[in-house]
1. Across segment 65-94, what is the number of residues that are touching a Ser or Thr at 6+ places or on another chain (Cβ under 8 Å) and in a loop (DSSP other than H, G, I, E, B)?
2. Right, Val214: part of a loop (DSSP other than H, G, I, E, B), of a type in the set (Val, Ile, Thr) and either at pLDDT 90 or above or in contact with a Phe, Trp or Tyr (Cβ under 9 Å, 6 or more places away or on another chain) (or both) or not?
3. Sort out which residues of segment 104-118 are surrounded by fewer than 17 Cβ atoms within 10 Å (Cβ to Cβ) and of a type outside the set (D, E, K, R), and write them in order of number.
4. For segment 252-278, what are the residues that are assigned to a helix (DSSP H, G or I), modelled with pLDDT of 95 or more and in contact with a helix residue (DSSP H, G or I) (Cβ under 7 Å, 6 or more places away or on another chain)?
5. Condition first: over 16 Å from the mean Cα position of the chain (by Cα), part of a helix (DSSP H, G or I) and not β-branched (Val, Ile, Thr). Can you find one or more residues in segment 173-196 that meet it?
6. Before we move on, is Asp213 out of contact with any Leu (no Cβ under 7 Å at 6 or more places or on another chain) and in contact (Cβ under 8 Å) with a residue 40 or more places away in the chain?
7. Mind counting the residues in segment 184-198 that are under 16 Å from Thr65 (Cβ atoms) and of a type in the set (Lys, Arg)?
8. Hey, can you tell me all the residues within segment 119-133 that are touching a strand residue (DSSP E or B) at 6+ places or on another chain (Cβ under 9 Å) and open to solvent by 30 Å² or more (accessible area, probe 1.4 Å)?
Amino acid sequence: MTQTAQMTQMTAITQMTAITQTAERAPAGCGEATAGLLGGAPAARELGLSRSELARAVQLGIVRTGPQGPAGAPRYTRTEIDRVRSAEGFPDALRVRVATVAGTEAAAAVLGVGPSRFTRLARCGHLPPVGYRINRYRVVVWVYLTAELRDFAAREPGMLRGGAPPPDRELMAARADLRPRKWRERHVGLLLRRTADPWERAAVLASVLPEEDVRAIVPDAAERIVLWALAPAPPYGHPQVPAAAEVAARLLRAGSPDEIDWYRTSLDFALTGARGQSKSTGERGPT
């Protein structure tokens, strides 16, 4: 690479980084008055939720966060709290929507089946998890929405008894486990619904791909800096202990070749839209 080309690339990287930092310093709703913003604890109290239930409600898009606090902590506007409180059936209906169970035995009890049948249903992709925990033995403990389990039991009573259908038998013979993939689909979908910015959407898709695949799809180093800067934070429940975090990190990346190909194609499509926006505004990176 010539010296001129190197200088051009460095200039682009510097510009891209500056744009990203500006975007990060100006969160959505930054023009709104800060008076009346609530932190997590008072917001949870007003909604009749625990802190973990509030985090789940945010993840599911039931409760929207406002401008972040100085340390990046989520805050909530009075308008949003009032909107959620005014919903029909509050607060019981809200608690039902965010209630979860963790682990096979607890989830099987909600369905009214044995643990082995529940495991088969979950591994074959019929019951997508909403989250995960890593226990002290570094084993993934999947978390499920209680309401979804009950809906499945009411909708598919035949799946709760009798033999496995042929597609499930094929998956079982192949020792497949679709829980990580189903969780990623849900996680990515929830993140994409929370933003309309094309660069942020591209960053969500890039975050589940192995680094070598991102480099292949995004050869421009300056664009990769933007995607990495806009990458979503680890999901609620992601452990902080290094040994457990290493196990959980594997859940954040697409696994099978066909899943990787799907996210590569989606990222390529998202980047086309993001680059088009940048071209129309005369800037590279998010606007």
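The values are calculated or read from the model by the stated rules, or taken from the named source; none is laboratory data. Note that the structure is predicted; figures quoted are calculated from it, not measured. Note: ideal-geometry Cβ built from the backbone for every residue, glycine included; neighbour counts use all protein chains shown. Note: areas computed on protein heavy atoms with side chains; ligands, DNA, RNA excluded. Shrake-Rupley method; radii C 1.70, N 1.55, O 1.52, S 1.80 Å.
1. Total meeting the criteria: 4.
2. Working: part of a loop (DSSP other than H, G, I, E, B): no; of a type in the set (Val, Ile, Thr): yes; either at pLDDT 90 or above or in contact with a Phe, Trp or Tyr (Cβ under 9 Å, 6 or more places away or on another chain) (or both): yes.
Taking the combined requirement at face value, the residue does not satisfy it.
3. Ala109, Gly112, Gly114, Pro115, Ser116
4. If the condition is that a residue be assigned to a helix (DSSP H, G or I), modelled with pLDDT of 95 or more and in contact with a helix residue (DSSP H, G or I) (Cβ under 7 Å, 6 or more places away or on another chain), then Glu259, Ile260, Tyr263, Arg264, Ser266, Leu267, Asp268, Ala270, Leu271 are the ones that fit.
5. Start the filter on segment 173-196 by keeping residues that are over 16 Å from the mean Cα position of the chain (by Cα), which leaves 173-178.
Then keep just the ones that are part of a helix (DSSP H, G or I); that gives 173.
Restricting the remaining residues to those that are not β-branched (Val, Ile, Thr) gives 173.
For segment 173-196, residues over 16 Å from the mean Cα position of the chain (by Cα), part of a helix (DSSP H, G or I) and not β-branched (Val, Ile, Thr): present.
6. Taking the combined requirement at face value, the residue satisfies it.
7. Our first condition is that a residue be under 16 Å from Thr65 (Cβ atoms); within segment 184-198, this holds for 190-191, 193-197.
Adding the requirement that they be of a type in the set (Lys, Arg) leaves 193-194.
So the answer is 2.
8. Initially, segment 119-133 is screened for residues touching a strand residue (DSSP E or B) at 6+ places or on another chain (Cβ under 9 Å), giving 122, 127-133.
Within segment 119-133, Pro128, Arg133 meet the criteria.
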